[in-house]
Each structure stands twice: as structure tokens, then as C-alpha cells.
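Below: one structure, written as C-alpha cells.
The values are calculated or read from the model by the stated rules, or taken from the named source; none is laboratory data. These figures come from a predicted structure and were not determined experimentally. Glycine gets a Cβ as well: all are built from the backbone with ideal geometry, and neighbour counts include every protein chain shown. Surface accessibility is based on the protein's heavy atoms, side chains included, excluding ligands, DNA and RNA. Shrake-Rupley method; radii C 1.70, N 1.55, O 1.52, S 1.80 Å.
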Amino acid sequence: MDATCLQMQGGIDAFFKYDGPLGCWWDEGKGTHTVAVWAPTAQTMELLHYTTPHGGEPTIMPMARNALGAGVWSVDLPKGASWWTYYKFRLKVWCPWTLRYEISEVTDPYARGLSANGERVWVVPTDLEHESLVPQGWHEHPIPSFKQWTDISLYELHIRDFSIADESVPSHLRGKYLAFDPERVKQGNGGKESNGLAHLAKLREAGLNHIHLLPLYDFGSVPEREEEQLKVEEDLSQYPPDSDKQQAAVLAVADQDGFNWGYDPVHWGVPDGSYASDPDGAARIRECREMIMSLHKQGWCVVLDVVYNHVYAAGPNDRNSVLDKLVPGYYQRRDEDGTLCQSTCCNNVATEHYMAERLSVEDLVHWAKHYKVDGFRFDIMGHMLLRTLNKMRAALDGLTVKKDGVDGKRIYIYGEAWNFGEVVDNQRGINCSQLNLTDTGLGGFNDRLRDGALGGGPFSPPDLQGFVTGLSLAPNGSTGQGDAAAQAQELLVLSDWVRYALAGNLSRYKMETANGKVLAGGEAQAMGVPLAYGGQPSEHVAFIGCHDNLTMFDFITEKAAPNLSAEFRVRMQIMCLSLITLSQGVPFVHAGDDILRSKSLDRDSYNSEELIQKHVTFANTGPNQVPGVIMMLLSSGDQGTEAYDPQFEHILVVFNASPEPKELQYPTPLKRLSLHPVQQDAALEDDEMWLKGCAAHDEGAQLEVPPRTTAVFVTTR
């Protein structure tokens, strides 16, 4: 007892596993609703039944223990008075954090409806089938289709950010789910489309097809009633641009304003009320569905950002604590001495425990089935066991259009496969870290592309440079990467990082590396681990910027030479975007990184390793390469084969990250090269005239590429 404390999670799983119904459901035989909650360590449990979302005195209903199963408390709501009412629980339970019995009031982790701020659970149909919850056309609306996961391209977007400052959106819709509905916007905007929706249409036309929405489940860091949200009242434009007054004013209200990323889950299974027109009642459910349906109609698939690795609050007293009030110390992951693990930032969830895993799997299916979601992005996925993600994959694969209204096999799963904390190197079981994802079909963010392109990492000294930001060829004066010779060598190494990413991050892909050796991606090393680790291109999520850390442009600002012009900083950003969109795999673009107007180019994403090894090659490799230049060649297969391109025989992509124009030889055996039609058209526009410097000369087999430019040359059939 002096060294540690008693932990009962394993014993609880051994004696109290339960697979029966939980939450609140209609029992036709009884003619009322039954409510059941799993809390095997509770001494007493009562249901507090309310007729209104706020205020009023509850009817107190004692709950029966073990009537449905070991560790389960249940009660039937009053007949004829159960629909659309509200409830929460009151229980007495031993708490390992306080070392005493605690009496707590708590909501239901299986809630499907809530009152504002998640104060009470709202009794709704578990399948959400009621006219007040279903937008018109919901069951019939078309969902965009695609052939394979490598056809996916992702655009990461925050619901509130999308419209909160867009004056072309009616004021009552700004920051809300319904700002994504063109008809709603036009009704309140004189028949005109909003600027944001017009921009999304351009991105969709350019080839992006999946919108990744930052968390929209019920989270605890934003007051859901607008009247409770604090705002900056003073006019910030009165201060000069270099003043610290603006930041101070924003930070003063940050904890109670209307903005947060949303990685603070309280109830996983209910849309957040701050994005709804009314946080009480049906609006949050119906309007969230209407947003998804509207995006589908605009040609977008919709990805939800899910956070099963932690919850916002724990302990017996915090109003946002749910799981840990019901079974203290069970749902939260604990260290060897019994301390609650918080390596994710908050209160880590032990999804390796049976009932925590069950809750997360069933919640994912709920969103796929009842909200018609097309994909899931997992926050800190590496903190979950591979076993759990495999169960999720199997559960989704079991969903069919005939039975469930959705095809679960088309749903894409990807996430942050970082390896750290108490789960590092499989200490709690085989986790979903990068090296464990090979051939699983689960996508993972590839930090090698980000770090190779920008230099360093998000937690490295900010002035470290990479392939795009000027390492060796346009140094910023930093001494963190050694002398000129060391920087020149590191540039060649980081160029290989980028090449393996462009080839799909495949562990079996072979090429000549900076040291002159031909190595498979799994044989090449990056900081002591394999440089490339994927088994399938769909497992490769190509990204350089996301909502975390600095934006792409801010990274460039920190790393580029101080005297670099704005034009060349813009070109650096466009090159970063081109590395993402021209990589084999699944490209990921953070909203805002596209504002500097990138031109989307055609991209071939092959579907197997074998095809990439055969049809994707690199020129200008090895120790004698031209520094700062990557030349990627995509060659069509024969007619009738899977890799046949009916338009182009060859596509040659040249990434010239150097500050100088380059004259380069055609890779053997290319002939008849010309600039891609998209770039030919772009070169006619005033703001992209620099593309006129791109040229291919068959006589002499020579290419010309301007500085800090991605050029795509093609051999047209």
C-alpha cells in the first residue's frame, strides 16, 4: 500500500463484462422507456427524472441492481410520460482519487440527446427516427461515391471557423451547422451564396472530395448558450499591428468564449449544442444531419474527428466528468502507482478495458449509421490498441445499405499514429502506432514528409530548415544543422525522406538513397526507426500542416532566410501543397493553407505496392544528385492493365526547391515532353506568369524549371 494502490480494472472485466443494452430505449412490451447504466462498484443508484431541460424538481426513482446483468442498474420510466423528458443519475460509489465514498450526479455515456451544456440527458429514439430529428430528404439524399480509399483527398475544417467572420452568411447562421446549407444561406442572404460555400465549390472542382470536420460531439470547453459566451468588446483595430493588446484582450475571455477546437469530449454520441440554433431539444441533432446532407449534395464526403483517447474531465466533482463518476478508476488509464495518466493532454481513456472498448466501438457505429458519416479521423490514435481499431473496422464493415442505410466498407479510418506516453512501444498491448499499421488498411499521418519538407519537427528549434525551406541552398544563418558541408549532406538525406513519401511511404519501395545504396523504405532509417513503414498506399496520409502547431506559412516564416521575398515564401507554400497533393496515398490539406491559391494538378494514386514500385521511379538520386531537386516519374501501364492512363504516357514531376532556376536532363527514356495543360493555362494569369519559365526542349532533352517551383511535364498520347 505504501508503494502503489489497488487497481481493480482487470477484476471488474473478469466479473462484470456486459453485452446487453445500455442507455435509454423504448420497450414496446412495457409501453415505456427503460434506462440502464453499467456501474458495478456503485453502492446505490437513483434516476432523477425531469420534465424540462433546466430547473424544476426531479422525480427520484431508485434503480434496481443486476436485473439485466451483473453490474447493471436499471429502471422503467413512468408510462405515458417518458418521451422527450430528461434524466440524470445520482450514485454513491467509492472513489480511488479521494479515498472515500462520494455521492455524485452524472449523465449517461450512452446519451443520444442532451439539454444545453450537457446538463441532462434527453429521451429520444435511439435510432433518431422522428420527424423533429430528421431533415427533409435525409433518407433519400445521394452520398458521393469513389472507387478506392486512395481516391480520397482531405480538407481539414473547423465548423465555427468556416463562417463566423463571413459577412456573406446571415448573422444567425454564422458559426453554426446550417452555414453549410446553401438553401438556408440564400434564404437569409437575398438569394446569394456565401463566400465560404463558393470557396468550397472551387476546392471541390479542383479535386478535393472529403471535408474533415474538427470535433463536433458534445465537448466541454465552450458554453453552448450564446448569452453565456464572453466576447472581446473593445475595438481591436485601434491598436497598431505590433501591439500585444489584441492578444491580451482575446486571452482574457478565451476560457469562456465561443471558440475551441473541441478536443474536450464529454458525451461522445451527441452533436455539440454550440453549433446549433438552440442547444436544447432537437436542433443539434437535426441541424448536424442537415449539414452532413448539404455537404453530400455539394459533392463532399464528410469525415468526423473522434477523440476516444481521453475525456475532458475526471473525478467526482467536475460537472463535465461522466465516465469516471460512474466507475471511478475504471475508464481512465492509470500508471503503475495508480495515478491517472494524462499524456494525451487530458484524462486518458483505457479503451483496452472491455466496457470502455465496447462504448467506443458502439459510438463509432452510431455516427456511421445514424449520421451517415463517410470517414473517421482518430485523435492520438496511437494511444488505442490495434485490437480495438480492428473491432471498429469489422463493425463498420458489417453495415450495409439494405440493413443500415449505409455501406460501412467504404468508410475510411485514419489518425495520429504517434508512439509515446504510457503506451509507448506496446507497453499496454500492440498499439496503433506507425510501425504497427503496416497492411492493416488504417491510415496514419506521415511526419517524415512534414519534417523532410520543412526541417526539424514541431518541437525542434524553430529555425531548422528542410528541403522546401532553404536548407543548404538558402541558409537562414542558423548553426543548429552544422556547417555548410553538414547542411549539404542533410539536404540530400531529407530529400530522400520526401521521395519515399511521394512514393506512398511504402516499406517495400526501393530506390537509390543519398549514401549510394539501393534500400527499401523499411531499410532506410529516420531517427532510429524505418523511414517508410506502410504496406498499402491508402495507409499513407500525406500532410505538412494541420490544426496542431503552427500553420504551414508560419513554419515557413520561421525557417526561411530572413531576407526572402514574399513571392518566394508563397512559392515555398505552393511547393508544400504540391508535395502533399502529388504524393501517392491520401493527401491532407488544412483549411487556410490553400488561401495562397494553389493550382490543383492531376494526380495518379495507384492501389498496390507492386504497381508503385513498377510505375513510380525517381531520377536525380544518390550522392551525386543536383541538390534541392526531386524528379518523380509516373509511367503508364499497358492498355488493359490497372495502371493504364488513357491520356498520358508519362508524367514527370520536378520539384525545384533551390533558389536558382535549373536546367535538367530528361530522365531516360522520355521524349515529347510538354508542360501539363493546367500549368500552361495558369501561366497566362498575371499572378502566375513565373510559370512561363517552365519549358521542355526535346532537342537536347533538356528541362527548364524556375526557382522554388513544382513543374509537371507530360507525354501526351
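Decide, for the range 44-94, between rounded, prolate and oblate: order the square roots of the alpha carbon gyration tensor eigenvalues as a ≥ b ≥ c, take rounded if a/c falls under 1.5, and otherwise choose prolate if a/b is larger than b/c, else oblate.
Numbers: a/c = 2.90, a/b = 1.54, b/c = 1.89.
In terms of gyration-tensor shape, oblate.
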Which of rounded, prolate, oblate describes the range 122-205, given a ≥ b ≥ c as roots of the alpha-carbon gyration tensor eigenvalues and a/c under 1.5 marking rounded, otherwise prolate only if a/b is larger than b/c?
oblate
Please give, to one decimal in nm, the separation of the simple spin-label points placed at ARG319 and SER243, each 7 Å out from Cα toward the Cβ.
3.5 nm
3J(HN,Hα) from dihedral phi, the range 53-63, Karplus parametrisation 6.51/-1.76/1.60, rounded to Hz, x for glycine, proline:
x, 9, x, x, 9, x, 7, 8, 10, x, 9
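How fast does the chain diffuse by Stokes-Einstein, in µm²/s, taking the Kirkwood radius from C-alpha pairs at 20 °C and 1.002 mPa s?
The calculation lands on 78 µm²/s.
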Loop GluC sites (Glu not before Pro), the range 176-241 (other Cβ atoms within 10 Å of the site Cβ: 16 or fewer; DSSP)
GLU193, GLU233, GLU234
Determine the per residue accessible area of the range 65-223 with all protein chains present and a 1.4 angstrom probe, expressed in square angstrom.
42 Å²
Counting Lys and Arg as +1 and Asp and Glu as -1, each charge on the Cβ, what is the dipole of the chain about the Cα centre in debye, to the nearest 20?
1360 debye
Could you calculate the FRET efficiency of VAL518 with ILE430 from 1/(1 + (r/R0)^6), where r is the beta carbon distance between them and R0 is 35 Å, rounded to 0.05?
0.65
What's the FRET efficiency of ASP397 with ASN563 using the Cβ-Cβ distance as r and R₀ = 45 Å, to the nearest 0.05?
0.25
From the phi of every residue in the range 223-233, what ³J(HN,Hα) in whole Hz does the Karplus formula 6.51 cos²θ - 1.76 cosθ + 1.60 yield, where θ is phi - 60° and glycine or proline is x?
x, 7, 7, 4, 5, 9, 7, 7, 9, 6, 8
For the range 638-689 and the range 455-531, distance of Cα centres in Å
24 Å
Quick one: length gained pulling THR52 to GLU663 fully straight, 0.36 nm per residue minus the C-alpha distance?
212.6 nm
If you roll a 1.4 Å probe over the chain with all protein chains in place, what percent of the accessible area is carbon or sulfur?
52 percent
Hey, can you rank 698-710, 17-29, 148-160, 537-549 by average C-beta count inside 10 Å, highest first?
537-549, 148-160, 698-710, 17-29
Please compute the modelled spin-label separation between GLU105 and PHE146, points set 7 Å along Cα→Cβ, answer in nm with one decimal.
4.6 nm
Surpassing 26 Å at the alpha-carbon level, of the pairs LYS17/LYS402; LYS17/LYS372; LYS202/LYS297; LYS297/LYS403; LYS147/LYS402; LYS297/LYS409, are LYS17/LYS402; LYS17/LYS372
Vicinal HN-Hα couplings computed from phi for the range 633-643 (Karplus, 6.51 cos²θ - 1.76 cosθ + 1.60; Hz; Gly/Pro x)
10, 10, 10, 5, x, 6, 4, x, 9, 4, 9
Among 637-650, 489-502, 560-573, how do they line up from the highest to the lowest mean number of other beta-carbon atoms within 10 Å?
489-502, 560-573, 637-650
Convex hull over the alpha-carbon atoms of the range 218-356: what's its volume per residue in Å³?
184 Å³
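Just subtract the alpha-carbon distance of GLU699 and PHE15 from 0.36 nm times their residue separation and send over the number in nm, one decimal.
238.3 nm
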Starting from the Cα of LYS92, move 7 Å in the Cα-to-Cβ direction to define the label point; list residues of the range 1-44 whose amide nitrogen is under 14 Å from there.
42-44
Classify the range 620-717 from the C-alpha gyration tensor, please: rounded if a/c falls under 1.5, else prolate or oblate depending on whether a/b exceeds b/c.
oblate
Tell me, what is the per residue accessible area of the range 447-572 in Å², probe radius 1.4 Å?
36 Å²
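Restricting the count to DSSP beta bridges whose residues both fall in the chain, what percent are antiparallel, rounded to a multiple of 5?
Close to 75 percent.
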Extension gain, GLU193 back to VAL253 (0.36 nm per residue minus Cα-Cα distance, nm):
18.4 nm
Rounded to the nearest whole Å², what accessible area per residue is found for the range 311-397 with the 1.4 Å probe?
26 Å²
